[in-house]
Amino acid sequence: MAPQSVPAAITIRKIRLTNLAMDDVLNALHAAIVKRVATRVAFVNADCVNIAARNPGYLADLQAMDWVFADGIGVKLAGQLLQQPVRANVNGTDLFPRLCEEMAREGRRLFLLGAAPGVAQAAGDWVLSTYPGLVLAGTHHGYGPADELPTLLECIRLAQADVLLVGMGAPRQERWIQAHAAATGATVVMGVGGLFDYYAGNIPRAPLWMRHSGLEWLFRLLQEPRRLARRYLIGNWVFMMRVIGDRLRGNIRGKS
């Protein structure tokens, strides 16, 4: 049997995913930064796809992104079922340190926006201690009244960030990016969910063997069973049933 080709882009549940290996993602981000090409980025896991199925606004925000990357074992399995193989698990938590390393080499500027008060700053402190060549242009929490938004946007604009990471969780961060990315002046604006909590030391990461085996979701479930049980134990099955339904409908159309 001939090997299955890996397309440069795939579509899962109306969401177009840029299908690159991690090294290629880093190269593409570097090119965007150097050329000052405004780029909006999102990551999509099984839970995000479920949210998009019941939230048309979120789906539209994802469809309007420049790049959307596949995050997690659920999306990878979906790609296999739909005969659209996913090249790599490109999640923000793994991408972040490699991106910081690349940015540090050229003295690039990073702004962290989101999470509870103090968390982005703690993650920023980790960045500065680990990648001293990188410039932390600023941090700000993800809360505040609407009347403070113009001041926040001006603060980010004056920071002249090459990369702005927005950690507000889906779908809020994608809505924020689509509404305000242009006003920030940042070149790359990326939604990163709970990433800051990991690098602030608030949430432990799964051991490498679990990550490589596609079991990070299980580690997270064991860490926070009450909060994540519905997402993983029910949500993952709902996601797979939707994907199987898409596959069956595709087969029926192909035979008609």
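Just so you know, all these numbers are worked out from the coordinates, no wet-lab data involved. Values in this document were obtained by computation on a predicted structure and should not be read as measured data. Positions of Cβ are backbone-derived with ideal geometry, glycine not excepted, and every protein chain shown enters the neighbour counts.
Structure notes:
- Span from the the range 139-182 Cα centroid across to the the range 66-82 one, whole angstrom: 27 Å
- For the range 9-255, the relative contact order works out to 22 percent when only alpha carbon pairs closer than 8 Å and six or more residues apart are counted.
- Of LEU222, LEU99, LEU112, the residue with the greatest mean-square motion in the GNM of the chain, using alpha carbon springs below 10 Å, is LEU222.
- Taking the charge dipole of the chain about its Cα centre, with +1 at Lys and Arg Cβ atoms and -1 at Asp and Glu Cβ atoms, the residue from ALA78, ALA200, MET22 reaching farthest to the positive side is ALA78.
- With the helix formula -39500 (n - 2.57) applied to DSSP H stretches of n ≥ 4, the chain reaches a computed 222 nm mean residue ellipticity of -15500 deg cm²/dmol.
- Computed about its Cα centre, the charge dipole of the chain is approximately 1100 debye, with only Lys, Arg, Asp and Glu carrying charge at their Cβ.
- The alpha-carbon positions of the range 33-143 define a convex hull whose volume is 133 Å³ per residue.
- Inter-label distance, ARG247 to GLU224: 3.0 nm, where each label sits 7 Å from its Cα along the C-beta direction.
- For the range 150-256, averaging the sequence separation of C-alpha pairs within contact (under 8 Å, six or more residues apart) and dividing by the residue count gives a relative contact order of 20 percent.
- Dipole of the range 9-255, positive direction: furthest Cα of TYR143, GLY235, LEU99, with charges on the beta-carbon: GLY235
- In the calculated pair-distance distribution of the chain, the portion above 23 angstrom amounts to 52 percent of the Cα-Cα pairs.
- Rg over Rh [alpha-carbon atoms, Kirkwood Rh] for the range 110-152: 1.05
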